[in-house]
Amino acid sequence: MTQDELKQLVARAAVDYVKDGEVLGVGTGSTVDFFIDALKESGKQPSACVSSSVRSTKKLEALGFKVVDLNEVESIGVYVDGADEIDGGFSMIKGGGGALTREKIVASVAEKFVCICDGSKKVEVLGKFPLPVEVIPMAVQSVARKLRAFGGEPVERDFTTDNGCRILDVKGLAITAPHALEAQINAIPGVVTVGLFAARGADVLLLGTSEGVKCFEKEPKE
Ligand code: 5RP
């Protein structure tokens, strides 16, 4: 199966988590694009969607889904999004599509985060995929210097985010302590968000493999 076919497979499986009449959080990326298509085909009707990007908003609205501002809702049942990498503890690298900050905000409100990925995204240690860091434009160089001190090699992406900010993609990190690194990078002045999702990781991982969709659920804390 191709990577796109695997993405379609998990995208269809994620539709089972959507409840009619409930507010749905929608991530960003090619896997999420397949999910939005599958949602339309399924006939399921969330009361509204909260979107994590202009890209997903446009696609949702084009297919007839109601999209509302996060400020208009008090809760989100399920948030469906892809990832660039996910480890065994359900921590993720996200932001390959540049929507990391809004994704992190919407995910923080959701009761359940359903991560949809093709099998290539599951890793032992995060960091082979360059870690995206969204940065206030005036702080690009000062943040880059601090990131070098963590042992990374930041490269500025030729891209401006939906929030008018810049992205540094940090190569060369082996992220063995994602919770600690997320807190440390978020504390650098000028950083809007780091694309490490450890404090709020996924609750469910739907992994597309040639043997079908594998479902992993995070064990609840005692
Ligand atoms: C966007 C993201 C995406 O979820 C991530 O990049 C995966 O994308 P794709 O589904 O296209 O492989 O974090 O900011």
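Note the full-extension length gain between Ser30 and Ser47 as 0.36 nm times their separation in residues minus their Cα-Cα distance, in nm to one decimal.
Numbers: separation 17, 0.36 × 17 = 6.12 nm, distance 2.35 nm.
So the extension gain works out to 3.8 nm.
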Taking amide H positions as placed 1.01 Å from N in the peptide plane, with prolines and chain starts having none, which residues 5 or more places from Val192, or on another chain, fall under 5 Å of its amide H? Glu134, Val135, Ile136
Run the numbers for Asp37 and Val67: contour at 0.36 nm per residue of separation, minus the present Cα-Cα distance, in nm. 9.3 nm
Surrounding net charge for Ala107, when Lys and Arg each add one and Asp and Glu each subtract one, Cβ distance under 12 Å: +1
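If I take every Cα pair under 8 Å that is 6 or more residues apart in the chain, average their sequence separation and divide by the length, what percent do I get for the relative contact order? Working shown, then result.
On the way: 494 pairs, mean separation 49.1, N = 222.
Over the chain, the number comes to 22 percent.
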Ordered by residue, what ³J(HN,Hα) values in Hz, to whole numbers, does the stretch 97-112 give under the Karplus form 6.51 cos²θ - 1.76 cosθ + 1.60, where θ = phi - 60° and Gly and Pro are x? x, x, 9, 4, 5, 5, 4, 5, 5, 5, 4, 5, 8, 6, 6, 9
Let me check I have the definition right: for the chain, take the eigenvalues of the Cα gyration tensor, multiply each by 5, take square roots. What are those semi-axes in whole Å, largest first? 28, 20, 16
May I ask you to give the solvent-accessible area per residue for the stretch 1-100, in square angstrom, as obtained with a 1.4 angstrom probe? 42 Å²
Set Lys44/Lys121; Lys66/Lys112; Lys7/Lys59, cut-off 23 Å on Cα-Cα distance; pairs above it are Lys44/Lys121
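The values are calculated or read from the model by the stated rules, or taken from the named source; none is laboratory data. All of these numbers come straight from a predicted model, not from anything done at the bench. Virtual Cβ from ideal backbone geometry, glycine too; neighbours counted across all protein chains shown. Keep in mind that these areas ignore ligands, DNA and RNA; they rest on the heavy atoms of the full protein, side chains included. Shrake-Rupley method; radii C 1.70, N 1.55, O 1.52, S 1.80 Å.
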